[in-house]
Structures are given as C-alpha cells and as structure tokens.
Amino acid sequence: MTAATRSTDWQLLQRLIPYLKPYRWGLVGSGLLLIPLAAAAALQPIIIGQAIAFLKGEESTYSFLKTLTLTQGIDLLSMALLVTVVLRFGVQAVQGYWIQKIGQNITADIRHDLFDHVLRLSSRFFDRTPVGKLITRLTSDVDALGDVFATGAVGVLSDVFSMLVVILTMFFIDRLLATLLLALVLPITALIVYFQHRYRVANYKSREELSLLNADLQENIVGITVVQLFRREAFNSQLFRRRNQRYIKEVDRTIFYDSAVSATLEWIAFVAIAGVLWLGGALVEQRTIDFGTLATFILFSQRVFDPLRQLAEKFTTVQAGLTAIERIHDLLSEPIEIQDPDRTFLPLPKAENTAAAVEFRDVWLAYKDDDYVLKQLSFQIHAGEKVAIVGPTGAGKSSIIRLLCRLYDPTRGEVLVGGRNVRDFTQAELRQHIGVILQESFLFAGDVKSNIALGDNYTLADIQRVAAEMNIADFIEQLPQGYDTPLRQRGTNLSAGQRQLLAFARVAIRNPEILVLDEATANLDVGTEVMIQEALNRLLVNRTAIIIAHRLATIRHVDRILVLKRGQLVEQGTHSELLARNGVYAHLYRLQSLAEEAAPKHDASPLA
Ligand SMILES: Nc1ncnc2c1ncn2[C@@H]1O[C@H](COP(=O)(O)OP(=O)(O)OP(=O)(O)O)[C@@H](O)[C@H]1O
C-alpha cells in the first residue's frame, strides 16, 4: 500500500484539528455565515420561478403574490432577488477574507512547529535525510497547504453545504425532478471520489519526486566547487534531466486525473439540464407542474452542479493540500530520539572531585544495524586531565565525541560526565559543560559578535574580553567593521582559519569545564597556530581536555594518549610510555616522523 492510501481524508483532516483550535471562534463565525449563504443560494431559483409563475398567472404562484398588481409583484420579486444577490456576494467576501486570514495563521503555526521539530531531531535522522527533501517539506508542502486557504478552495465546503440545502429544498418543491437530479449527482460524486483517490496517489508520488529533485539541486549547489573543479557539469546535468523527467511523468499523471474530473463534470452538468428539460417538459405537458416550477428546477440543476464544478476547479489545490498534510504529518511524527530527562541536576563536580570528568563504560555504537564502529570501549578521564585520542582514519575518534555530547546515544553501555549518565542531563545543560571546537566551524549569516554570542546574553565588553584573551582581538579589529563586520551565510567571506578563530572565541566565552578539540587547529597556518597557542594553553588550565589530532607531534605533551583502532581501545599511556611499548602508537609516530623528515613541518601544538 502506498503512503498516499494509508490515511483517509478524514484522518488527514483530523490531524489539522490541534491547529484549528486556537482559531475556533473565527471558524465557528465563518461556519455560521454558511447559513445565509446557503439560504440565498436556495432562494434565488425560487424567486425567479415565482416571477415566471406570477407573470403567467400560474397555479404555483404564492397566494400573497396573487393579491398584488403586476408592477408591485415584479418590484417585490426584483427587490428580493437583489437582496439575495447582495447578501450572497457580501457574505462570501467577508467569509473568504476571514478564512484566508485564519488559513495563513494556521499555515504559519504549522511551518513554525515543523521548524522547531526538525531542529530537535537527532543527527541519525539527518544522516539519512537529504537536506533538499527537508526543505521541500518545510517550504513547498507547507505552501501547498497554505494554498488551500489562499485560493479560496475552502469555499468548496460552503458550496457543498449550499448544495445540500438546495437538494433539500428541491424535494420540498417536486420529488420527481429532485430524484432525477439526485440520481445524476450520486454516481458523479462516486466517480469524483474515485478520481480523487487516484489523484492523491499520483500527487504523493510527484511530491516525492520533487523532494528528490530538490535534494539533487541542493547537493549540486553546496558542492558547486567540486562540480566545477571536476568538470561534472554535463554529467550532473544529465542526472538532473533524468530526475526532472521522472518528476514530470508523475505530474502528468496528476494532470490526467484533474482533467478527467473537470471534463466529467462539464458534460454531466449539461446532461442534468437536458434531463430536467426532458422530464420537466413532459410534466408541464401533463400539467403536473407549471413553467415557474420548471424554471426553478433548471436553475436548481445549475446550483447543484456548481459546487461540484467548483470542487473540480479547486480539486488540484485541495488534493495537494491533503497530500501536504500527510507529508507534514510524516515529518512531525518523526520521533525525537534524543530526549531530555524530566529531572534537573546539580552542577558538575569541580576539578578536585574524585568522580571522573568523563567516563565511557563498556560502550558500543553502531550507526546502522550491527555494524559496530565502537566496541567494548571503557576509559576514564579525570577532572583537569588532558587526554588525546589518536588512531587511524575511521577508527572512531569523532564518534566518541558525538557520544560524549549526546548527538547520538550509544547502542550499548554508558557515557558519564562528572559521574552522571549523559542521558540524565538536559541537552542544554550537558552542552554547557562541554565546549567543542571542530575542524570546520559553521558560521551563520549575521555579524562577528552575533556569531560569538550565538543568541546568548553576552555584552560587547564580554566578547571583546574573550577576543583579547584568545589573542584574536587584533584580527577582529582589522576586519572592515570590526565586531560589526557582516558575515555571509556559512562565513564564506572569511578564510577557513579565520572562521576557526571565531569558533575558539565562541567556546571560550562559554567557559565550559570540558574542552573538546577535534582536529581544531588543523586548518590554521603555523603563524596563526602559534598566535593562539598561548591563549589556548591558558584556556586549557583547570579544564578537562580531549584532543583529537592526526599530527601526533602536536599531542606529545598531553597527560595521556588513548590509541584507538577499529573502534577499540588498544593502548593508553603517555607519549614516552607508548613509544617504549613499541606498539600501534610507536608505529604511527615513527611513520609520521619519517614523513616529516622527508617534508619538514612545524611542530606547533595546542599543548607545546
Ligand atoms: N553518521 C554516520 N553514519 C554511518 N556511519 C558513520 C557515520 N559517521 C561515521 N561513520 C562510520 O564510523 C566509523 C568511525 O567514524 P569516525 O568519524 O568516528 O572516525 P574518525 O576516527 O573520527 O575518523 P577521521 O580520523 O577520519 O576523522 C567510520 O567507519 C565511518 O564510516
């Protein structure tokens, strides 16, 4: 069964209920307006029918009209018609405005909830979801729902209500003709429901294809440098063309069902009028009904099919809206894997406390299935200790950091900070204790100071103090507008090294007890690295530090080195202990020393 057939329309609409609640009074108000609208719609054919009956002096003329002169009667009926027309358009305008306003508010609420939800989803979710797909849900799917309100497609509801009132009125006037019209309406409604179902399935698929198309687009834009450097333009364009064609193929299917509904309704509306004329004509001949009633029914047959025709016109929008609710709901029901505990805790123990600042107890981690990238990992890092984690590429060093910061939960085992399981901290609390500097730092659009404060309440003086402590005040002041220098998205107007300097300040200002440097100085040139060396050493005093580095020369002076191989801890000790042991570390170190002798490099380290 496809995703599109999983939920019925009613189930989908029910998912909207929580969003409708805040606007219930507005919705009730516009619902009440349906009554005068439907009454006016049902009255107009009767008034016109009465005018004809009155002019022809027929039996079906209402008795109060029979007492009036011709001019009085026609004046009265014209006035009544005018009142219903003004009422209908007036009420329709008010209701349309009201519904659209409420609709846009509801759409904004949903968009906001989706954004909040997506920001809380775990790294595991983002590993498997292309960004372009997410953007499609947050933008075009939400817009598709907004369109249901913006294009007045909600008005279809009021038309359907009017149709019901008209059908009831018809039965009061003439059962035979009413039954004829109803006999045509019912199978047509069934046909529409069928096409609508097929449309939805096709529409869901086309939205999926659009997501993939956007994912492709996004990947190419983000990776534009590689695309151009490796001359992949033509190749990627070919891939994109194929994806585009698949999307168009699915869209074509939706167009087919959409057209099928419109065409069916168009011809059936004429068949209905012809049917009324044919049966009504015979009835007039037999004098069972008169001309006035026949005219009323011809207008009624229009009124009955009008809402259905409206439905066909707004069909695409309504169905796309239902697909959008389904896709939005799929994303909103994506579970939040990393949950905060209900309790709050005391501050972390200070450096002199006995509890290990960081402890891994028999930790196993698999990103997928049973493919373990960390196995049986146990170690302790004491408060104030500086520990380096080394190992070949893919050994699992960064995975340890992800577990420590709780970007992922371990598959088995426990990660403790200050003697407490990381699951028992709120994420905000945990990340207050741990400051992480990665090899590549991400900067947001905004200015330099806002990229350091990141929305927290730091004054410019705080930021300037930290910049001075980190020896980067001169660099910031040399920027065109100093601390107010605007940064483009992802900080593309700074060099990788300059971005890294801001990342240092960003962590330093938060004063965390535990500092994690994941290849943090790898992007800095010798001069810059030396410049912040002293500052970094100052920052590390009285803090627990975990340093991941590929260049082993840079971590020679740490208190302890953990050596990781294929997700397992294979050695630990100081630099000299490990060299003496002549194991994995000694081997790696010798290899690097040989390479460095061949091409001498600098020996600046965060702990030199
Ligand atoms: N998000 C992920 N989903 C699936 N597998 C992953 C994910 N991240 C890492 N891995 C796998 O886990 C293993 C360990 O990766 P990790 O990034 O921890 O290694 P590392 O030691 O930090 O490597 P490097 O030195 O190259 O940075 C690798 O085999 C990698 O392919």
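Looking only at the stretch 445-457, which residues are touching a residue at least 40 places away in the same chain (Cβ under 8 Å), open to solvent by less than 70 Å² (accessible area, probe 1.4 Å) and under 21 Å from Arg431 (Cα atoms)?
Listed by number, the residues that qualify are Asn451, Ile452, Ala453.
Identify, from the list Arg241, Arg198, Arg231, the residue that is outside any helix (DSSP H, G or I), over 24 Å from the mean Cα position of the chain (by Cα) and either assigned by TED's automatic domain parsing to the domain that holds Leu182 or crowded, with 16+ Cβ neighbours inside 10 Å (or both).
Arg231
I'd like the residue in the stretch 401-449 that is of a type in the set (Gly, Ala, Ser) and touching a Pro at 6+ places or on another chain (Cβ under 9 Å) and, out of all such residues, is modelled with the highest pLDDT.
Filtering the stretch 401-449 for residues that are of a type in the set (Gly, Ala, Ser) and touching a Pro at 6+ places or on another chain (Cβ under 9 Å), the one modelled with the highest pLDDT comes out as Gly435.
Which ones in the stretch 266-293 are aliphatic (A, V, I, L, M) and farther than 16 Å from Val166 by Cβ?
Ile268, Val271, Ala274, Leu277, Leu279, Ala282, Leu283, Val284, Ile289
Return a yes/no flag: does the stretch 273-296 have any residue that is assigned to a helix (DSSP H, G or I), farther than 30 Å from Phe149 by Cβ, open to solvent by less than 60 Å² (accessible area, probe 1.4 Å) and in contact with a Lys or Arg (Cβ under 9 Å, 6 or more places away or on another chain).
Yes, there is a match, as at least one residue in the stretch 273-296 is assigned to a helix (DSSP H, G or I), farther than 30 Å from Phe149 by Cβ, open to solvent by less than 60 Å² (accessible area, probe 1.4 Å) and in contact with a Lys or Arg (Cβ under 9 Å, 6 or more places away or on another chain).
Per-residue answers, yes or no, for (1) touching a strand residue (DSSP E or B) at 6+ places or on another chain (Cβ under 7 Å); (2) open to solvent by 50 Å² or more (accessible area, probe 1.4 Å); (3) under 25 Å from Glu209 (Cα atoms); (4) hydroxyl-bearing (Ser, Thr, Tyr):
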{"site": "Leu68", "(1), (2), (3), (4)": "no, yes, no, no"}
{"site": "Val86", "(1), (2), (3), (4)": "no, yes, no, no"}
{"site": "Val91", "(1), (2), (3), (4)": "no, no, no, no"}
{"site": "Thr107", "(1), (2), (3), (4)": "no, no, yes, yes"}
{"site": "Phe125", "(1), (2), (3), (4)": "no, no, yes, no"}
{"site": "Thr136", "(1), (2), (3), (4)": "no, no, yes, yes"}
{"site": "Asp147", "(1), (2), (3), (4)": "no, yes, yes, no"}
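Go through the stretch 514-552 residue by residue and tally those that are out of contact with any helix residue (DSSP H, G or I) (no Cβ under 6 Å at 6 or more places or on another chain) and within 12 Å of the ligand (Cβ to nearest atom).
4
When you scan the stretch 86-103, do you find a residue that is among the hydrophobic types (A, V, I, L, M, F, W, C), at pLDDT 85 or above and within 28 Å of Ile336 (Cα to Cα), even just one?
Checking the stretch 86-103: not a single residue is among the hydrophobic types (A, V, I, L, M, F, W, C), at pLDDT 85 or above and within 28 Å of Ile336 (Cα to Cα).
Return only the number of the condition from (1) open to solvent by 90 Å² or more (accessible area, probe 1.4 Å); (2) in a helix (DSSP H, G or I); (3) farther than 24 Å from Arg327 by Cβ that Arg253 does not satisfy.
The one condition Arg253 does not meet is (3).
Of all residues in the stretch 393-426, which are open to solvent by 30 Å² or more (accessible area, probe 1.4 Å) and within 17 Å of Val358 (Cβ to Cβ)?
Ser398, Arg402, Leu407, Gly413, Glu414, Gly419, Arg420, Arg423, Asp424
Taking the options Ile532, Ile509, name whichever one is of a type in the set (Val, Ile, Thr) and at pLDDT below 80.
Only one candidate qualifies: Ile532.
Looking at Ala312, Ala320, Ala355, which one is of a type outside the set (Asp, Glu), at pLDDT below 85 and out of contact with any helix residue (DSSP H, G or I) (no Cβ under 9 Å at 6 or more places or on another chain)?
Sole residue among the options that is of a type outside the set (Asp, Glu), at pLDDT below 85 and out of contact with any helix residue (DSSP H, G or I) (no Cβ under 9 Å at 6 or more places or on another chain): Ala355.
Can you name the condition, by its number, that Asn471 falls short on among (1) more than 16 Å from the ligand (Cβ to nearest atom); (2) assigned by TED's automatic domain parsing to the domain that holds Thr544; (3) of a type in the set (S, T, N, Q)?
Result: Asn471 passes all but (2).
Can you confirm whether Asp462 is over 30 Å from Ile336 (Cβ atoms), open to solvent by less than 50 Å² (accessible area, probe 1.4 Å) and touching a Pro at 6+ places or on another chain (Cβ under 7 Å)? Write out each step before concluding.
On the way: over 30 Å from Ile336 (Cβ atoms): yes; open to solvent by less than 50 Å² (accessible area, probe 1.4 Å): yes; touching a Pro at 6+ places or on another chain (Cβ under 7 Å): no.
Spelling it out, it is not the case that Asp462 is over 30 Å from Ile336 (Cβ atoms), open to solvent by less than 50 Å² (accessible area, probe 1.4 Å) and touching a Pro at 6+ places or on another chain (Cβ under 7 Å).
The values are calculated or read from the model by the stated rules, or taken from the named source; none is laboratory data. All figures in this text were calculated on a predicted structure; none of them were measured in a lab. In this analysis, Cβ positions are derived from the backbone assuming ideal geometry, glycine residues included, and neighbour counts consider all displayed protein chains. For the accessible areas, the whole protein counts, side chains as well, though only heavy atoms, and no ligand, DNA or RNA atoms are used. Shrake-Rupley method; radii C 1.70, N 1.55, O 1.52, S 1.80 Å.
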